[in-house]
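Only the coordinates and a few stated rules stand behind these numbers; no lab work does. Values in this document were obtained by computation on a predicted structure and should not be read as measured data. Don't worry about glycine lacking a Cβ; one is built from the backbone with ideal geometry, like all the others, and counts go over all protein chains shown.
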Amino acid sequence: MIGRLSTLQFNQSGVSTILDAQAQVARLQEQIGTGRRIMTPSDDPSGSAQLVTLNSELSKIESHQKNIAAATSALSFEEVALDSANDLLLRARELTIQGQNGTLSQRDRDAIANEIDGLREQLLSIGNMENAEGEFIFAGTASNAPAYDATGVFQGDAIIRQVNIGKGVSVAQGHSGSEVFEGVNGGLNTFDVLADLSQALRNNDQAAVSARFIDVDEATEKLSSIRTSIGVRMNWVEDQASLNDNFNLDLQRTISDIQDLDVADAI
């Protein structure tokens, strides 16, 4: 026996079909409005799972790029500081050469010693330089206090903060004073060298002045090596930033392929 639909059932079926069609149209309109094919995970569970992973990678890249900006700023700040320090040491070298002139009067040697004392104070200020956040840049991780005390004794540590700038890639944001100003001639630091040089001039001790001349050269070479390493790091960081940008574009394309709507097809 063939079943028959009652008028009520027929009407209900028609209304249901119309409502389903309206829902589909509304959804298509929403998709067209947003340009997205996947609005909820149920639209494409597999694609949605992929999007979660890909967006997580995008967040990591964003974090890496922020770290790169911070590292670049820190290294640039340190580079400027060490450029100034290098100028001071070059001036100290010139003065040491003058001080080795045996025809100078004691008054002349005292005047040179006074200028070297001033250079030492300026250099000590650089050793205790703070960044915009109030951190002492040459104090290592003990950056909440000056790297050097008033006598030029190092108060920081040799640990440098590392930041992630890419997947499995990290870079040191600067250098500790233990690398920059310590270890001249075995055990002296640059501030000791200048203090001893000043005293040797006041004592007219030419042997000591000559010895300190060698130490000033060694301190300058140490500083030059650090400045070179800063340039290498900045180039490395710049290269990694470009790699991150390229990776970001690839991810964006993949996300677009999965998520974006073919508008013409939808219309």
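Can you work out the Karplus-derived ³J(HN,Hα) for every residue in segment 111-125? Use 6.51 cos²θ - 1.76 cosθ + 1.60 with θ = phi - 60°, whole Hz, and x for glycine or proline.
Listing the rounded values in order: 5, 5, 4, 4, 5, 5, 4, x, 4, 5, 5, 5, 5, 5, 5 Hz.
Can you list which of the GluC sites (Glu not before Pro) found in segment 113-190 are DSSP loop residues with at most 12 other C-beta atoms within 10 Å? If you can, show how the numbers build up before the last one.
Values: sites: 115, 121, 130, 133, 135, 179, 182; in loops: 133, 135, 182.
In loop regions of segment 113-190 (DSSP not H, G, I, E or B), the sparsely surrounded GluC sites (Glu not before Pro) are 133.
Under 20 Å Cα-Cα from residue 167, which lysines qualify once same-chain neighbours fewer than 8 residues away are excluded?
Correct list for residue 167: 60, 66.
About its Cα centre, what dipole magnitude does segment 144-241 give when the only charges are +1 on Lys and Arg Cβ and -1 on Asp and Glu Cβ, stated in debye to the nearest 20?
I would put it at about 320 debye.
Find, to one decimal place in angstroms, the Kirkwood hydrodynamic radius of segment 99-179, where the mean of 1/r is taken over every pair of different Cα atoms and then inverted.
14.9 Å
How are the C-alpha pair distances of segment 171-267 spread across 5 Å bins, as whole percents from the shortest bin up?
Whole-percent P(r) values from 0 Å outward: 2, 11, 13, 11, 9, 7, 7, 6, 5, 5, 4, 4, 4, 3, 3, 2, 1, 1, 0.
Once phi is turned into θ = phi - 60°, what whole-Hz ³J(HN,Hα) does the Karplus curve with 6.51, -1.76 and 1.60 give for every residue of segment 207-215, x standing for Gly and Pro?
5, 5, 4, 5, 5, 5, 4, 5, 5
Compute the relative contact order of segment 82-142 as a whole-number percentage, counting only Cα pairs closer than 8 Å that sit 6 or more residues apart in sequence.
Relative contact order here is 31 percent.
Residue farthest toward the positive end of the dipole of segment 136-223, with Cβ of Lys/Arg at +1 and Asp/Glu at -1: which of 175, 219, 197?
175
For segment 77-212, what is the largest minus smallest coordinate of the Cα atoms on each principal axis, given in angstrom and ordered from greatest to least?
63, 24, 24
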